[in-house]
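The values are calculated or read from the model by the stated rules, or taken from the named source; none is laboratory data. In this text, all values refer to a predicted model and were calculated from it rather than measured experimentally. Cβ atoms come from the backbone with ideal geometry, glycine included; neighbour counts cover every protein chain shown.
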């Protein structure tokens, strides 16, 4: 009788441990999938900004620095809208910041004069994962290379 009880305890413990490992594996796999999807959305957001710049620098230079923009696709064109939108579970925002350059070295610096031909773009993708909001960010400089 004792041997049967011990065998049942061992089997039950093994099954519960396997279930916990499986549950954690599924959670980690889902996190990995969402992180991969977010990476693709970040890159797409950067490409949207480059497309807008290539069409006309005024598409970028006219954007306000205190506003969150949301990439939207209306066939066949991309645009940046102030109306929030989502892609599945993801919210993607684009923000624009002015860039200053040192007057002597022409390097980007915290102080210096405003460079209207360069902007700092930050693309952020956020989503809810297990009750926590996860953010992935991509920042890059974009320049008026056509004038």
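Residue by residue through the range 1-29, note down the ones that are under 24 Å from residue 135 (Cα atoms) and either without any contact (Cβ under 8 Å) to a residue 60 or more places away in the chain or not in a helix (DSSP H, G or I) (or both).
Matches in the range 1-29: 23, 24, 25, 26, 28, 29.
Can you find a residue that is farther than 16 Å from residue 52 by Cα and in contact with a helix residue (DSSP H, G or I) (Cβ under 6 Å, 6 or more places away or on another chain) anywhere in the range 88-97?
For the range 88-97, residues farther than 16 Å from residue 52 by Cα and in contact with a helix residue (DSSP H, G or I) (Cβ under 6 Å, 6 or more places away or on another chain): present.
Out of all the residues in the range 123-142, is one or more outside any loop (DSSP other than H, G, I, E, B), in contact with a strand residue (DSSP E or B) (Cβ under 7 Å, 6 or more places away or on another chain) and more than 30 Å from residue 34 (Cα to Cα)?
Looking for residues that are outside any loop (DSSP other than H, G, I, E, B), in contact with a strand residue (DSSP E or B) (Cβ under 7 Å, 6 or more places away or on another chain) and more than 30 Å from residue 34 (Cα to Cα), one finds none in the range 123-142, hence no.
Of all residues being touching a strand residue (DSSP E or B) at 6+ places or on another chain (Cβ under 7 Å) and not in a strand (DSSP E or B) in the range 85-109, which is modelled with the highest pLDDT? Just the residue, please.
Here the residue is 89.
Residue by residue through the range 47-76, note down the ones that are part of a helix (DSSP H, G or I), surrounded by fewer than 18 Cβ atoms within 10 Å (Cβ to Cβ) and touching a strand residue (DSSP E or B) at 6+ places or on another chain (Cβ under 9 Å).
47, 50, 51, 55, 59, 61
Show the residue pairs that are 6+ apart or on different chains and have beta-carbon atoms under 6 Å apart, the first residue being within the range 101-116 and touching a residue at least 12 places away in the same chain (Cβ under 8 Å) and at negative phi, the second being surrounded by 10 or more Cβ atoms within 10 Å (Cβ to Cβ) and part of a loop (DSSP other than H, G, I, E, B).
Pairs found: 101/112; 113/103.
Please find, within the range 125-147, the residue that is nearest to residue 100 (Cα to Cα) out of those that are within 13 Å of the chain's Cα centre (by Cα) and touching a residue at least 60 places away in the same chain (Cβ under 8 Å).
140
Every residue in the range 16-39 that is surrounded by fewer than 12 Cβ atoms within 10 Å (Cβ to Cβ) and either touching a strand residue (DSSP E or B) at 6+ places or on another chain (Cβ under 7 Å) or under 26 Å from residue 91 (Cα atoms) (or both), please.
24, 25, 26, 28, 29, 32, 33, 36
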